[in-house]
Amino acid sequence: MLLEIKNLHVNVEGKEILKGINLKVNTGEVHAIMGPNGSGKSTLAQVLAGREEYEVTKGEVFYMGKNLLDLPPEDRAREGIFLAFQYPVEIPGVSNTNLLKTALNEIRKYRGEHELDAMEFLSLLKSKMKLVELDQKLISRSVNEGFSGGEKKKNEIFQMAVLDPKLALLDETDSGLDIDALRIVASGVNKLKSKDNAVVVVTHYQRLLNYIVPDFVHVLYKGKIVLSGDKNLALELEEKGYDWIKAPSDTVEVVS
Amino acid sequence: MSVTETSKIEELANKEYKYGFVTDIETESLPKGLNDEIIGKLSAIKKEPPFMLEWRLKAYRHWLTMEEPHWSNVKYSPINYQDLSYYSAPKKKPQLNSLDEVDPELVRTFEKLGISLEEQKRLSGVAVDAVFDSVSVATTFKEKLSELGIIFCSMSEAIQNHSDLVQKYLGSVVPYTDNFFASLNSAVFSDGSFVYIPKGVRCPMELSTYFRINAANTGQFERTLIIADEGAYVSYLEGCTAPMRDENQLHAAVVELVALENAEIKYSTIQNWYAGDKEGKGGIFNFVTKRGACRGKNSKISWTQVETGSAITWKYPSCILLGDNSIGEFYSVALTNHYQQADTGTKMIHLGKNTRSTIISKGISAGFSNNSYRGLVKIVKKAENARNFSQCDSLLLGDKCGAHTFPYLEINNPSAQIEHEATTSKIGEDQIFYLNSRGIATEDAINLIVNGYCKEVFKELPMEFAVEATKLLSVSLEGSVG
């Protein structure tokens, strides 16, 4: 098992956002986490990546047998977790290339692999650029600075391609993308998908799941997974909206 | 910043100053205090011609009429100028032909700093005039330079061997009446560097001096004079580190640059003197006057500085743009941490027609430090078509430090075009987490962000200096942020 989340409770600024999440992810699987705005989807993705402001109050998370919550965020990345941000951050003056070379070599050092020299790194970059049809100019520009929304998202997937994670968390990667960019981003993810890694897609809409087809769909509502199913669940949600799942859950909450 | 981050800042603040050690070389010093007799002795030790002693005494007498200025945005306890020793030199005054003759202890000191002379000589083709305390003890590449007619020597040697040039230019940019610390320097300066590039000569290598303050309680008064004759070019590098000391050490240097017609001088500084400990105890007072005069048409002077050291930094490398079409540039990174204070910037004085100036200033404040940019752009009435572009950015690390900007503009000609941009920002938790999530630890993440922020200035530095500056920033930030 790659990832196992047990009864995870998380507070953000004193307010409980996740109220007992249980989830198992195996290698080779694609999971989609769906839900209305404010249900805690992004919080789940960020807490797995190690965002410190998010306080875990209860529960456990195991990643490849290790207690994930003991690891600082950089070590989680070095262990193979990658978060594609919903809002990728701009870092003025730091080139994409510089960021990626630093990141990749930190990860390789952690794993006891030799650090790549400039030539090795460059040839790796070139091969990965093709995967996401990234404009060559973007890799020498400052990280995300002045990038369009679509370029930022492509850049996230490009970084994922270079860092080659075992567990990729895609946080609303489809938001702000036009249909062409969506297709490129999704095909990049599909090419990176293998039997040795897993992808968790966090999304509000079903449309991304037309391209990245999930094995499991989970519906998050008010901090809990209220429904799980296969890819047909996503289609059902698309058709009916989120209202029909809200009612029973609210009732449960009233009862509890 | 969050609580966790602030505590990380405090945790990392416990790291020690990397370059804090004392070299065990015996020093020869004059007794503490300042009077005519001390100045006479100093001049005699240095075997100076009479005009020098006369000039020093004039400066001293003028200094006595002056009061220590206090307009800058820095605070320090009063300095007792009679409690300082105004001269200290390594006791064994070696006459050296090669590096092999340098005191091995000194060589080891340089090696600890990662600036071994051998390496410099071998790798980078840099001619190094190393100033250890106040006397030059090693000079290299002199022969190669002299073939081109370039003079690169200590100020003491220049006073003895090139007194005509010294007499003509010394004090011509920064007169001995200029300001309190410049007057003091004129009276008691012990050594420094002298460069003369003859007409039409392009200096083929970067000229470099490493300064180092060593003896306790010895004020260091360096004097540097660089003259680029018509059509000449020179790039000069100045780098400094100092050993750890409890007492504050006063450093009041003067640097004068003269660029004649079509000449260009590029002056780069890395300043990393001991900044005091994390409680703000000790550290160097760096009160420096640096000024360049673009005397001739189409001349250019460019200052680039990376200031990370000193308890207090107080300096404004300036350009007097006298020649028509002359250009002045100022690129600065000033980093303050713990209780360091910096009040630094530039003055661009536009006197000639079509003169242009550029100011790029990047302040970084961490810990409890205070960092001020202070800059003057002055355009006189007859300076037609003057242009200035200023960009002053401040970056705050943590929430206990301060950043201030004091831009002064005096525009007396309506044809002037002036642009001023200023920003203040904080390193965001978002940026740090983003880099963390890519496998980069927080300290490295901050280094990456800060170096990115300084990129515009670093690209103005000569290659080997840029590498050193990047390293230095990381070392300086080690004690600051998490």
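Tabulated data
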quantity	calculated
Listing of helices (runs of 4 or more DSSP H) fully contained in region B:95-192 that carry 1 or more residues being open to solvent by 60 Å² or more (accessible area, probe 1.4 Å) and modelled with pLDDT under 85	B:104-112, B:142-147
Flag if residue B:404 is surrounded by fewer than 24 Cβ atoms within 10 Å (Cβ to Cβ) and more than 23 Å from the chain's Cα centre (by Cα)	no
Hits in region B:359-401 (condition: within 19 Å of the chain's Cα centre (by Cα) and open to solvent by 40 Å² or more (accessible area, probe 1.4 Å))	B:370
Flag for residue B:435 being in a loop (DSSP other than H, G, I, E, B), in contact (Cβ under 8 Å) with a residue 12 or more places away in the chain and more than 7 Å from every other protein chain (Cβ to nearest Cβ)	no
Qualifying residue in region B:462-469 (condition: under 30 Å from residue A:49 (Cα atoms), within 14 Å of chain A (Cβ to nearest Cβ) and touching a residue at least 12 places away in the same chain (Cβ under 8 Å))	no
Condition broken by residue B:458, with the remaining ones in (1) open to solvent by 50 Å² or more (accessible area, probe 1.4 Å); (2) in contact (Cβ under 8 Å) with a residue 24 or more places away in the chain; (3) under 30 Å from residue A:162 (Cα atoms) satisfied	(1)
Test: residue A:46 is crowded, with 18+ Cβ neighbours inside 10 Å, of a type in the set (S, T, N, Q), within 11 Å of chain B (Cβ to nearest Cβ) and not in a strand (DSSP E or B)	yes
Residue in region B:390-401 that is in contact (Cβ under 8 Å) with a residue 24 or more places away in the chain, over 28 Å from residue B:301 (Cα atoms), among the charged types (D, E, K, R) and in a loop (DSSP other than H, G, I, E, B) present	yes
Test: residue in region A:177-190 that is assigned to a loop (DSSP other than H, G, I, E, B) and open to solvent by less than 50 Å² (accessible area, probe 1.4 Å)	yes
Some residue of region A:68-75 being touching a helix residue (DSSP H, G or I) at 6+ places or on another chain (Cβ under 7 Å), more than 23 Å from residue A:7 (Cβ to Cβ) and part of a strand (DSSP E or B)	no
Region B:222-249, residues that are open to solvent by less than 10 Å² (accessible area, probe 1.4 Å) and at pLDDT 85 or above	B:222, B:223, B:224, B:225, B:226, B:227, B:228, B:232, B:234, B:235, B:236, B:237
Residues of region A:78-117 that turn out to be open to solvent by 20 Å² or more (accessible area, probe 1.4 Å), more than 10 Å from every other protein chain (Cβ to nearest Cβ) and in contact with a strand residue (DSSP E or B) (Cβ under 8 Å, 6 or more places away or on another chain), as a count	1
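The values are calculated or read from the model by the stated rules, or taken from the named source; none is laboratory data. Note that the structure is a prediction, hence the values are computed from the model and not measured. We place every Cβ from the backbone using ideal geometry, glycine too, and count neighbours over all the protein chains shown. Ligands, DNA and RNA are stripped out before the accessible areas are found, and what is left, the full protein with its side chains, is counted by its heavy atoms. Shrake-Rupley method; radii C 1.70, N 1.55, O 1.52, S 1.80 Å.
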